[in-house]
1. So how do T137, T35, T118, T130 line up by other beta-carbon neighbours within 10 Å, fewest first?
2. Give me V229, V251 sorted ascending by neighbouring Cβ count inside 10 Å, so fewest comes first.
3. When the chain is fully extended, how far beyond the present Cα-Cα distance does V176 get from Q141, taking 0.36 nm per residue of separation?
4. For the pair H119/A152, report the inter-label distance in nm, with labels modelled 7 Å from Cα in the Cβ direction.
5. Starting from the Cα of R292, step 7 Å along the direction of its Cβ; do the same at E231; then give the gap between the two resulting points in nm.
6. Label-point separation (nm) for L283 and R239, each offset 7 Å from Cα along Cα-to-Cβ?
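What follows draws every value from the coordinates through simple rules; no lab data is involved. Treat the numbers as computed from the prediction; the structure is a model and nothing was measured. A quick note on method: Cβ atoms are made from the backbone with ideal geometry, for glycine too, and the neighbour counts reach across all protein chains shown.
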Amino acid sequence: MNEPSGRPGAEPDAGEQSVAGFACFVGRPNVGKSTLMNALVGAKVAITSSRPQTTRGVIRGIVRRDHAELVILDTPGLHRPRTLLGERLDSLARSTLAEVDVIGFCVPASERVGPGDTHLAAELSRQAGTPVVAIVTKADQAPRERVARQLAAVAALGDWADIVPVSAVTGFQLDVLAAVLIGHLPPGRPLYPDGELTDEPEQHLVAELIRGAILEDLRDELPHSVAVVVEEMAPRQGRADLIDVHAVMYVERPSQKAIVIGSEGSRLREVGSRARRQIEALLGSRVFLDLRVKVARDWQRDPRQLRRLGFYD
């Protein structure tokens, strides 16, 4: 197996019997991967939305149990790309499959198994040497009989190492899922011994919180054409209790900029207020958020602009 970059190769001391390693959640867009990771970690380290293709990078969340450390990689949903950005996200998700110790294949209990699930199941069956755990998500959104039928349908898709129904909302079987995933990890010392919940830089997390606030407010009016860049984040000079955050939201067209700003700036203020509260909870400090909107025309299809916004080749 290819080990993720930076993974230490040290073995545990004799008698420690500790395990540590990586898992990733894969599935169609909007099957609950980010919500599930947040629930297992116990903190919001990945943004969630009812809109598909919310996740735009590989986010690491860290789950700790006695003598075990599970690092979960939340990937963008696998889909048929329609833009250059979509192609890069799809490639990123697929490359992650070769870098983990166990794969979680997520299928929601509330939806019929479709062609996308069948195609992905066939692709996962070719991941030789890496166990795949089938996870039936959103068990709270379906009656027990429907969940049972979905478990049978998912079982028929492949030869899975385990099959676990869960609900990230109610907590149903989260501990069972954590134990199953940990059971597939190799012996090893903790990879993140300092107690982190994620290894994402704070500025990236702040940008994701802002983008999540936008998606929550504009889910019916604006497609996924918003990128957020935190240009500066630092304590205000002479004010240890206040952090200044200067961020820019990029949209693709002037009409989208008008939607984000709203009448006399009302919508931008609402989005900024919601994002600021979440950023303050993340940083544990008061925050002054300076939020601006700029147009980067057709940035999802422009390699140069994708690089500038942090989406590298």
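1. Numbers: T137 28, T35 21, T118 13, T130 17.
Final ranking by Cβ density, sparse to dense: T118, T130, T35, T137.
2. Arranged by neighbour count, lowest to highest, V229, V251 become V229, V251.
3. Additional length available on full extension: 10.7 nm.
4. For H119 paired with A152, the spin-label model returns 2.8 nm.
5. 0.3 nm
6. Label-label distance for L283 and R239, simple model: 1.0 nm.
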